[in-house]
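Take a look at the structure set out below.
The values are calculated or read from the model by the stated rules, or taken from the named source; none is laboratory data. This is a predicted model, so every value here is computed, not measured. As a convention, Cβ positions derive from the backbone with ideal geometry for all residues, glycine included, and neighbour counts pool all protein chains shown.
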Amino acid sequence: MKKSFSHTWTAQTLKLLLMSTSLAAHGETSELQRNQTANLTHLPPEMEPARKAIEDVLSYTSQSDSTQGQWREAQAAFNTQFYRWFPTLSADARYLKSKDRTLENSKELSSPSPNEQLQLGMTLRQNVFAAGSDLKKQEVQNLSATAAYLKHVRARKKTVSQWMHEIVLYDYYKSLIQLNEEAQKQAQQLNVLAQRKESSGFLGRRDKLDSDREVLRTLQELEKNKSILARIQRNHLQDYGFAADSFEGLPAFKPLIQYSDRYLQLTNPTDVIQEHISKSLALSITQIETAIVEGRVSATIRSRLSPRIDLFAGITDRKELSKPQLKDGQANRTQGWQVGVAGELQLNPPQSFGSVEESRAQLATARLNETGIQRELNSILANSFERLRQLHLETETAKQLMAVTQTIRDQNQRLFEAGIISIDRLIVSQQDLDRDKKILLTSQKDQILLSIDLALSAIWHLTPDGSVAGMTP
C-alpha cells in the first residue's frame, strides 16, 4: 500500500466538497440539499438494461432508509453553524420602582414618594473575530454534511447491489429446481423400469428398494429447494415492493458480467487494485471523517483561550412614570444610543485544554481507521480478482467433468437395461451426474455474483462483498 494514499482525496470527493462549499459561500442551496434522496438517475451504461427495476427498488426502499434522515440532520447542523454569522438582535424592557429616605441618627428627615421608571432598549451585536473557530466549525459541518451524503449514496447503491444478489439467487434456485425435477423424473423412470424387472424376476427386492429410495431422495431435495425459492420470493416482494419473477432476470445483468471479463487474464492486478481503491466510496468517506476530526482539532486549538471581538450598537428609552408632566424645566423621558467594540478573553478555561488532547486522540484513531480501511480494501480486491480467475477455471472444468459424467451415466443406463450391471451402479452414476450439474450451477452463480461486485466496484465505487471473494474453492 502506498503511503501517499493516506491523505489523497479522490476526484469524486473533491468535486462534492468544492460544489457544496462554493454554493454555501454564495448563500445558495446546493443540489445535495435540494434533493430529498439520492436518486442515482445517471446510471452507467452497463446498468441501463435494469434501469426500471433499479428505480423501483430505490423508490420503495427510500421509505425506510435511515441514512436519508442522517443526511438531513447533517444539513440542518451545517445551516445552524452558518446562522452563527448573522448578527444578534436583542430587545429588553425594565420596570423599576425605587425610593430613597434621608436619615440623621436614625431620624427621618425626608421621605419623598417612590420613583417609577420604564426602560426600553434594543441592541445589535455582531461578532467579527473568534480566533477563526467559527469559520473552522463551519468547514467541519460542511464536511460532515458531505460525508453524510456519501454515506447515503453508498447505502442506496448497496441496496441495489443486494437486490442484484437476490435476483442471482432467485435465478440459481430456479435452475436448481429444474435440475431437481429432471433428477426426479429420471428416478421415477428408473423406478418404473425396476418394477418391470422385478415382476419379470430379473431384479431382486433389495434393488427395487434402492430405486424407491432414490425417488424419495430426489423428491425431498426438490421440495426443500422449492421452499427456499418461495421464501426468496416472499422476501423479495417485502423488501423491494415487486415480485422477483416480474423482472427479466440475469439477461439484464449481462453487460455488468461482461465488464468483469477483462479481469480474467490479470496476472498482476496491483495497478487495477489501486485504481479501484482510489475511487472507493468507503475510502472517500473515511478520508472525509479524518478531515472532520482534523478540523475539530484546529477549531479547539483556536478557541482554547476563547478570544472574541464584537461590534455592538444599541438604543435606549427611559421614561419616569412618577413624573408624567414637565415641571420646573425637568424632563420625564430620556433617549440615547451607543456604538462600540467589545473584546473578551477567558483567562482560565480548563475544559478547552482537555478538549485539545481529546480531539488529538480522536484524530489518531481516525488515521488508524483510514489505514485499516485501505488495507482491508486491498485485501478484499486482491482476493476478489484471484477468486474470479479461480471460479472461471472451475466453471470450465465443471463443464468438462459434467460432459464425461453424462457419457458414463448414459452407458450405464444401456448396460443396466441389458442386465450387465446392477441398479445401484446406475443410481450412483445418476447421483454423480446430478452432483456435477449442481457444482457447475453453483460455480456459475458464484462467478456471476463476483463479476457483478467487481463491475460495481469499478463503475459505482462499491466495495466487493468479502464473503464471496473469500470463499475457498
Select from segment 303-355 the residues that are among the polar types (S, T, N, Q) and under 40 Å from the mean Cα position of the chain (by Cα) and write down the one among them that is modelled with the highest pLDDT. S355
Name the single residue that is nearest to the chain's Cα centre (by Cα) among those in segment 56-76 being among the hydrophobic types (A, V, I, L, M, F, W, C) and crowded, with 16+ Cβ neighbours inside 10 Å. W71
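This table checks each residue for (1) in a helix (DSSP H, G or I); (2) modelled with pLDDT under 90; (3) within 23 Å of K157 (Cα to Cα); (4) among the aliphatic types (A, V, I, L, M).
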| site | (1), (2), (3), (4) |
| --- | --- |
| D212 | yes, yes, no, no |
| L216 | yes, no, no, yes |
| L222 | yes, no, no, yes |
| K226 | yes, no, no, no |
| K254 | yes, no, yes, no |
| T267 | no, yes, no, no |
| S298 | yes, yes, no, no |
Scan E358, E294 and give me the residue that is among the acidic types (D, E), at pLDDT 85 or above and farther than 30 Å from P269 by Cα. E294
Being part of a helix (DSSP H, G or I) and under 23 Å from L456 (Cβ atoms): is that true of Q258 here? yes
A76: in contact with a strand residue (DSSP E or B) (Cβ under 9 Å, 6 or more places away or on another chain) and not charged (D, E, K, R), yes or no? no
When you go through (1) under 30 Å from R333 (Cβ atoms); (2) in a strand (DSSP E or B) one by one for D100, which number turns out not to apply? (2)
Conditions (1) basic (K, R); (2) under 30 Å from L433 (Cα atoms); (3) without any contact (Cβ under 8 Å) to a residue 40 or more places away in the chain -> R389 fails only (3)
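Kindly establish whether T365 is among the β-branched types (V, I, T), part of a helix (DSSP H, G or I) and over 20 Å from the mean Cα position of the chain (by Cα).
Considered against the rule, which asks whether it is among the β-branched types (V, I, T), part of a helix (DSSP H, G or I) and over 20 Å from the mean Cα position of the chain (by Cα), T365 comes out as yes.
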Meets criteria (more than 42 Å from the chain's Cα centre (by Cα), farther than 30 Å from L311 by Cα and at pLDDT 80 or above) for K97: yes
Do we have D245 as in a helix (DSSP H, G or I), among the acidic types (D, E) and either farther than 22 Å from Q444 by Cα or free of Cβ contacts under 8 Å to residues at least 12 places away in the same chain (or both) here? no
Residue that is surrounded by the fewest Cβ atoms within 10 Å (Cβ to Cβ), among those in segment 410-430 that are of a type outside the set (A, V, I, L, M, F, W, C) and in contact (Cβ under 8 Å) with a residue 24 or more places away in the chain: G419
